[in-house]
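Please treat every number below as a calculation from the coordinates, not as lab data. In this text, all values refer to a predicted model and were calculated from it rather than measured experimentally. No Cβ is skipped: glycine too gets one built from the backbone with ideal geometry, and neighbour counts run over all protein chains shown.
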Amino acid sequence: MPMAIALKARCVFLGAPGAGKGTQAKKVSETASLAHISTGDMLRQEVASGSALGETARSFMDGGKLVPDDVIIGMVQARIQLPDAKSAWILDGFPRTLMQAEALDRSLGSSALTHVVYFAVPEDVLIGRLAGRRSCSKCGAIWHVEHQPTKSKGICDHCSGKLVQRSDDSPEAVVERLKVYRSQTSPLLAYYRDRKVLRELDANRAPAVVFTELLKLMQ
Ligand code: AP5
């Protein structure tokens, strides 16, 4: 069990699909008591619940496209008002467009972002990570068939839940997601570099090494 530390960060984890944002955000939020706000997880919960929002989101997600800005912006604005996100949080997967970044700036006002961490990973490595990713259908833990395998094949080490493959990790959806990342999300690197909050992390290393470096960047 990692030692608990205090981090009063309000940060964004930015990076391509498969860069390891979710893996690290879960670990940091457990270690440092930060709210982990993952727009992908929130949308998957909506899809699983069969809500109207989930129905709208599903077709975009399965095709590797972004869910429309107005849907996502409203969802995040409501989420960061909740009590657990009062002082410190990680936004994982948001913002992903310039419109989302500008909306976030407007809604935060004086309580500005403390860090934006860019998870840098080469594209060929990302494809291998997404192809081998498995998620626990019960607790949401993230595994990889080679890099982070479970003790028993297909069964989560934490809760014995069944592991599943995300529908948007199909080869066709991955090609589209990487294309969307390059055209719509990568311009945010310049946006946050200009605002002097961008920190680059070499995330093409073992998860434990990435975690140690990430905590140093966030302190
Ligand atoms: P979302 O769930 O946010 O997906 P993503 O950003 O594409 O990111 P991923 O979850 O694929 O990757 P990750 O960086 O979290 O990597 P992970 O830690 O899992 O979004 C899904 C969809 O929802 C979007 O396509 C869109 O449709 C919609 N959406 C979400 N937010 C939106 C927004 N703001 N606007 C509009 N639409 C939105 O790791 C990947 C794999 O690699 C795992 O198997 C893991 O075990 C392994 N791994 C992790 N770290 C390492 C390491 N260091 N070494 C080796 N393997 C590693």
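Structure data summary
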read-out: For the chain, average projected area of the Cα convex hull in nm²; value: 11.6 nm²
read-out: Which of Thr23, Thr97 has the fewest Cβ neighbours within 10 Å, and the rest in rising order; value: Thr97, Thr23
read-out: Whole-percent pair-distance distribution, where bins are 5 Å wide, for the alpha carbons of the range 36-81; value: 5, 23, 35, 26, 10, 1, 0
read-out: Spacing of the two label points (7 Å from each Cα toward its C-beta) at Arg195 and Leu98, in nm; value: 1.4 nm
read-out: Aspartates and glutamates whose Cα lies under 15 Å from that of Lys216, excluding same-chain neighbours fewer than 8 positions away; value: Glu200, Asp202
read-out: Extension reserve of the Glu30-Ser152 stretch, reckoned as 0.36 nm per residue once the Cα distance is removed; value: 41.5 nm
read-out: Which of Ile142, Ile155 has the fewest Cβ neighbours within 10 Å, and the rest in rising order; value: Ile155, Ile142
read-out: Dipole-positive endmost among Gln24, Gly54, Phe94 within the chain (Cβ charges, Cα centre); value: Gln24
read-out: Stokes-Einstein diffusion coefficient of the range 126-219, Kirkwood radius over Cα pairs, 4 °C, 1.567 mPa s, in µm²/s; value: 83 µm²/s
read-out: Net lengthening on full extension, Lys8/Ser160 (0.36 nm per residue, minus Cα-Cα); value: 51.4 nm
read-out: Sum of side-chain charges, Ala141 neighbourhood, beta-carbon under 10 Å (Lys, Arg +1; Asp, Glu -1); value: +2
read-out: Under 15 Å from the Val71 label point (7 Å along Cα→beta-carbon), backbone N, the range 157-174; value: 168
read-out: Charge dipole (the chain, unit charges on Cβ, about Cα centre) - positive-most of Tyr191, Pro83, Gln219; value: Gln219
read-out: For the range 58-188, convex hull of alpha carbons as volume per residue, Å³; value: 136 Å³
read-out: Given charges at beta-carbon only (K, R positive; D, E negative), |dipole| of the chain in Debye; value: 460 debye
read-out: Highest-fluctuation residue, Val174, Val121, Val71 considered, GNM on the chain with Cα pairs under 10 Å; value: Val71
read-out: Gained length - Ala52 relative to Arg182, 0.36 nm times residue gap less alpha-carbon distance; value: 43.9 nm
read-out: Relative contact order (%) - criterion: Cα under 8 Å, at least six apart; region: the chain; value: 28 percent
